[in-house]
Amino acid sequence: MSNISSKEIIIKYVEPKNLQNIFKKREKNSHKGDFGTISIIGGNRGMEGSVLLAARTAIKIGSGKVLIGFTQKNIPITVDLIQPELMLQTANQILKKFLIKIDTWIIGCGMGQNNISNNILHKALSYIENKNIVLDADALNIISEQNTIYKNSSNTIIMTPHPSEAARLLKCTTKEIQSNRIKSAKKISKIYNSWTVLKGFETIISSPNGDILINTSGNPGLASSGTGDVLAGMIGSFLGQSNDIQQAISGAVWLHGKAAEHLASIHKGPIGMTASELAEAAREILNQHSYQN
Ligand SMILES: NC(=O)C1=CN([C@@H]2O[C@H](COP(=O)(O)OP(=O)(O)OC[C@H]3O[C@@H](n4cnc5c(N)ncnc54)[C@H](OP(=O)(O)O)[C@@H]3O)[C@@H](O)[C@H]2O)[C@@H](O)CC1
Ligand SMILES: Nc1ncnc2c1ncn2[C@@H]1O[C@H](COP(=O)(O)OP(=O)(O)O)[C@@H](O)[C@H]1O
């Protein structure tokens, strides 16, 4: 692992050779319960695509079971015809019927910031115990708006802001975030006692203690709608498949970027690369790395 020291911080870079707990062969006698049951909460009216992207990705990179909880009164679709493996519920149904069965949560993709989503976020963060929770997009916006800090939660919180969401969390400008990305990620981790994934060119990962990892995989093909939802699905999926939180997060960020590089190498990007295409490419790279020896 290459290190660059400055006065106060040691910066490490994400490297696949340090991701053995993620890129590994499956035991011959394994079953779906070994690979996590994950729930994705979000998908308000008009943004259903957001949770579909995250959920389809999670199943494609190895989750055992994936449930979507739409933040709507009723489910907008009864089956995802592209990925019928997914189980579709409303967020309220998930919190009522499946709470203890789910080991990893992703909350916020396309969730909106209306009364239903506010109420669901609050309920979820009070009901869920001792689990991994990825907070993305509107979950972060609601937290910023309401100045809510769930610092003493028994859950492991992973926040995945893009620079503008980070600015909302830290009550500053996007420019200020971008001018010191490492400091910003560390600050979010400190305030929220969370892992932080500050997205954008060279994504920064900060642990709750402020240890920093930088990811250099990826390309501007990722600057396209929905790629953040795909990343949330990847992080959630790996968290459900491994107890190594640092490797699960950094492995997902690395694989996301690598999938974009692969698509560009076969001329399906960077221009016009779509979020949906990333999951397929990621599955290929994941299997290559897991079964290379
Ligand atoms: N198919 C669906 O249903 C989809 C639904 N989605 C859902 O939509 C909801 C709104 O989410 P959102 O991210 O589009 O809006 P928002 O938080 O206002 O941020 C936008 C602004 O942030 C900035 N910015 C971002 N990245 C930056 C960077 N790297 N570097 C610098 N700046 C950066 C940039 O600001 P600008 O530079 O333009 O001022 C940009 O305009 C949310 O619920 C989400 O889940 C989406 O996931 C898409 C697919
Ligand atoms: N120029 C870039 N280089 C590398 N990665 C990028 C670049 N632009 C965007 N990304 C990545 O694409 C994803 C965009 O996520 P996000 O802004 O949440 O999009 P959305 O809300 O549309 O899903 C993040 O993982 C980010 O790191």
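Structure above, values below:
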quantity: Cross-chain or 6+ apart pairs with Cβ under 8 Å, region 24-51 first and touching a residue at least 12 places away in the same chain (Cβ under 8 Å) and among the basic types (Lys, Arg), then part of a loop (DSSP other than H, G, I, E, B) and more than 14 Å from ligand 2 (Cβ to nearest atom); calculated: Lys25/Tyr291; Lys32/Gly64; Arg45/Gln72; Arg45/Pro76
quantity: Count of residues meeting criterion [out of contact with any Cys (no Cβ under 9 Å at 6 or more places or on another chain) and either within 13 Å of ligand 1 (Cβ to nearest atom) or closer than 17 Å to Trp254 by Cα (or both)] in region 156-171; calculated: 11
quantity: Residue that is nearest to Pro270 (Cα to Cα), among those in region 189-202 that are away from ligand 1 (no atom under 15 Å from the Cβ) and buried (at least 20 other Cβ atoms within 10 Å of the Cβ); calculated: Trp195
quantity: Candidate set from region 10-43 (those that are within 16 Å of ligand 2 (Cβ to nearest atom) and touching a helix residue (DSSP H, G or I) at 6+ places or on another chain (Cβ under 7 Å)); member that is farthest from Ile94 (Cα to Cα); calculated: Val14
quantity: Cβ pairs under 6 Å, 6+ apart, first in region 141-170 and farther than 17 Å from Asn209 by Cβ, second surrounded by fewer than 17 Cβ atoms within 10 Å (Cβ to Cβ) and of a type in the set (Val, Ile, Thr); calculated: Pro163/Thr174; Ser164/Thr174; Ala167/Thr173; Ala167/Thr174
quantity: So Thr71, is it within 16 Å of ligand 1 (Cβ to nearest atom), surrounded by 23 or more Cβ atoms within 10 Å (Cβ to Cβ), in contact (Cβ under 8 Å) with a residue 24 or more places away in the chain and farther than 21 Å from Leu121 by Cβ; calculated: no
quantity: Residue among Asn147, Asn114, Asn152, Asn118 that alone is surrounded by 17 or more Cβ atoms within 10 Å (Cβ to Cβ) and either at pLDDT 95 or above or not aromatic (Phe, Trp, Tyr) (or both); calculated: Asn118
quantity: Filter pass, Gly240 being over 11 Å from the mean Cα position of the chain (by Cα) and closer than 24 Å to Gly43 by Cα; calculated: yes
quantity: Single residue of region 7-48 satisfying the filter (polar (S, T, N, Q) and within 21 Å of Gln288 (Cβ to Cβ)) that is farthest from the chain's Cα centre (by Cα); calculated: Ser30
quantity: Residue within region 229-239 that is within 11 Å of ligand 2 (Cβ to nearest atom) and outside any helix (DSSP H, G or I) present; calculated: no
quantity: Residue within region 243-264 that is among the hydroxyl-bearing types (Ser, Thr, Tyr) and in contact (Cβ under 8 Å) with a residue 12 or more places away in the chain present; calculated: yes
quantity: Members of region 232-242 that are crowded, with 24+ Cβ neighbours inside 10 Å and either near ligand 1 (Cβ under 10 Å from one of its atoms) or of a type in the set (S, T, N, Q) (or both); calculated: Ala232, Ser237, Gln241
quantity: Number of positions in region 159-187 that are within 16 Å of Met111 (Cβ to Cβ) and of a type in the set (Val, Ile, Thr); calculated: 1
quantity: Test: residue in region 10-19 that is surrounded by 14 or more Cβ atoms within 10 Å (Cβ to Cβ) and in a helix (DSSP H, G or I); calculated: yes
quantity: Residues located in region 203-221, provided they are under 15 Å from the mean Cα position of the chain (by Cα), closer than 23 Å to Thr57 by Cα and either polar (S, T, N, Q) or within 9 Å of ligand 1 (Cβ to nearest atom) (or both); calculated: Thr203, Asn215
quantity: Meets criteria (under 23 Å from Ala248 (Cβ atoms) and buried (at least 20 other Cβ atoms within 10 Å of the Cβ)) for Ala58; calculated: yes
quantity: Selected residue [touching a helix residue (DSSP H, G or I) at 6+ places or on another chain (Cβ under 6 Å), assigned to a loop (DSSP other than H, G, I, E, B) and within 16 Å of ligand 2 (Cβ to nearest atom)] from Gly62, Gly46, Gly110; calculated: Gly110
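The values are calculated or read from the model by the stated rules, or taken from the named source; none is laboratory data. Note that this is a predicted model, so its numbers are computed, not measured. Cβ coordinates were reconstructed from backbone atoms using ideal geometry, including for glycine residues, and neighbour counts include every protein chain displayed.
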